[in-house]
Structures are given as structure tokens and as C-alpha cells.
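Heads up, the thing below is written out as C-alpha cells.
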Amino acid sequence: MTTTITTGLATREGTVQDNADAARVYRMSTSTVGAAVIDGIGHGPRTSATTPLLAETAARVTAHRGALAGILSAGLLVADEGHDGEEADAVAVVALVEEAYTRIAWVGDCRAYGWDGTRLRRYSTDQTMGQWVRRYGPPVEIAAHFDDWVRVSLQSATVATTCELDIPDPLVILTSDGVHDQVPEHDMTDLVRTHARTPQALANALVAAARADESGYRDDATAVVIAVAGRRADDPSEPDYLEEEEDRRDEEGAADAAALALEAGYEDDDRGQGHS
């Protein structure tokens, strides 16, 4: 059966300053696709100008050299804080899509989902202090307070801290947190079920569905959708190596957890790389 890769991309500015998100899709002559979603951290003087460059770099290098290389190459562009200390930083997720398989890589809290025709599954795990707390403690009740404390960003990305895995599903969705934090999961599932055959319509719908919070704040929202027609989805059990890799990386957060336990007042920690 002939396979065809179709993509969709959408982004919408939030309620604070300009759009610090960016996304790109790059298609090679071989039909291999590299895709990237970049979520700038904060709204610094260079953030909105730099994130499109990071997205273009990540997407193109991913298509040519693989998902890990895409993340690390984008990270090199912002690895130095600059002469004035104002260099941009961001979190990211990329996907290398070929006829036979899809490989993703990510740092931070951008996400990757897969749809097999019946269920929506999140394949990525947020690299935030909040997620670490949910898994290992201190008290899980404080976890949400630290969801904006990003443990790994493009500036700090290395081979050891960049997560990778393969997605067998024929439909893959990449999102910034302006989508998955502000669109309820059941609504996302309904939108995917409705628009799964039309990637651009699905990307538009996901971004449009982002809701403002009680204060009226709505984050920048970005989605990339990639459909591989003709690919049959396998649904293997959770690979053992994923849990082992998470355990190894999470050991590195022990010192951070100890610091959290000492912060009995749950005050914001300016060491965190939170979004705004």
C-alpha cells in the first residue's frame, strides 16, 4: 500500500505580548518529514524573533539527521546567554516522520500525542519539577505549583537529557502547553476524532479550542499534526527502556526535590525556568 504523509500547522498568539511559540514542517525530496514545535520561555527581548529560527533549524536537521540531532542543533543556537545575558531560551518537541515509523524527541513540556484511530495517547513526559514531584514526592499536593519549573530546556539540552522514543500510530500531534494545558483532554480527544482525516483542520481546531483561565490569561498555542495514510498502527506495551531512562534522569532531580521540601511556604523559586 502506498503511504502519503500529510501535515497541518497552526499557532495563535496569547493574551501576553507577542507570540513566543513557533513551528515548522520541512519535507525532503524523499518525502521524509521533520517537524518542530518551539515554546519560548517568557517574553524576553529576543524570544519571539528567535523561536522561528529555532523551529526552522530543528525541523530541517530532524529531517536530515534525526530527532535527537534536531533538538541539539536548535539548542546550540541559544547555548550561550549572549553578551548581555538576554539570549532566548525555549522548550521543544520534534518529530522525524517516514513511511515506516515516527521518532520524536523533546525537552521541557512540549508534548507529543498519537492517535491510532480509536484512542489518543500521550507519548511524551513533561520535564518539569511538577511532574517529578508527582512521581517521587515531596507531597503531591504542591506539584501544580511547580509545573512551570522546567528542568530541561534547549539551552541545557544534551544527549543525556533529551528524551526520545518511537510512535507507531499513523497520526502524530505535537503541541505547546498553550494547547494541552488549556484544552481539556476529553475535548482534545473529541477534536481528534472529528478531524483526524484532515491534519490542517485538526491543527486549527486544537489551537482555537484553547481557553483562558479565571484571570483571563491565555497562553500562546501551537499545534503540528502529521498523518501517515497507509501506515497500520501497532500498539505495543510501554517500552521498558522508557521507564528505565526516566528513572535514571529523575535521579538527577533529587537535589531539586530536597530544595522543594525546604520551601515550606511554596514561594515561587526564581531558579525555575517558568513560562509566562
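The values are calculated or read from the model by the stated rules, or taken from the named source; none is laboratory data. What you see is a predicted model; the values in this text were computed from it and never measured. FYI the Cβ positions are ideal-geometry reconstructions off the backbone, even for glycines, and counts take in every protein chain you see. Ligands, DNA and RNA are stripped out before the accessible areas are found, and what is left, the full protein with its side chains, is counted by its heavy atoms. Shrake-Rupley method; radii C 1.70, N 1.55, O 1.52, S 1.80 Å.
What to note about this one:
- Inside the range 109-118, residues that are in contact (Cβ under 8 Å) with a residue 40 or more places away in the chain and open to solvent by 10 Å² or more (accessible area, probe 1.4 Å) make up a count of 5.
- Residue within the range 181-203 that is under 27 Å from residue 78 (Cα atoms), among the charged types (D, E, K, R) and modelled with pLDDT of 95 or more present: no
- Contact map, the range 88-108: residues that are farther than 19 Å from residue 29 by Cβ paired with residues that are polar (S, T, N, Q) and open to solvent by 10 Å² or more (accessible area, probe 1.4 Å), Cβ distance under 6 Å, separation 6+ or inter-chain. Pairs shown: 88/50; 89/155; 108/127.
- A residue that is at pLDDT below 95 and farther than 23 Å from residue 97 by Cα occurs nowhere in the range 50-71.
- Count of residues meeting criterion [in contact (Cβ under 8 Å) with a residue 60 or more places away in the chain, out of contact with any strand residue (DSSP E or B) (no Cβ under 8 Å at 6 or more places or on another chain) and either crowded, with 17+ Cβ neighbours inside 10 Å or of a type in the set (Phe, Trp, Tyr) (or both)] in the range 161-219: 3
- Filter pass, residue 6 being modelled with pLDDT of 95 or more, among the polar types (S, T, N, Q), closer than 16 Å to residue 174 by Cβ and crowded, with 24+ Cβ neighbours inside 10 Å: no
- Candidate set: the range 220-238, residues that are surrounded by fewer than 17 Cβ atoms within 10 Å (Cβ to Cβ) and in contact with a strand residue (DSSP E or B) (Cβ under 7 Å, 6 or more places away or on another chain); chosen: the one modelled with the highest pLDDT: 229
- Qualifying residue in the range 72-91 (condition: assigned to a strand (DSSP E or B) and among the aliphatic types (A, V, I, L, M)): yes
- Out of 58, 63, sole residue that is crowded, with 23+ Cβ neighbours inside 10 Å and within 14 Å of the chain's Cα centre (by Cα): 58
- Of note, residue 128 satisfies the criterion of being buried (at least 18 other Cβ atoms within 10 Å of the Cβ), polar (S, T, N, Q) and at pLDDT below 90.
- The residues of the range 9-49 that are at pLDDT below 95, in a loop (DSSP other than H, G, I, E, B), more than 18 Å from residue 212 (Cα to Cα) and open to solvent by less than 50 Å² (accessible area, probe 1.4 Å), listed by number, are 41, 43, 44.
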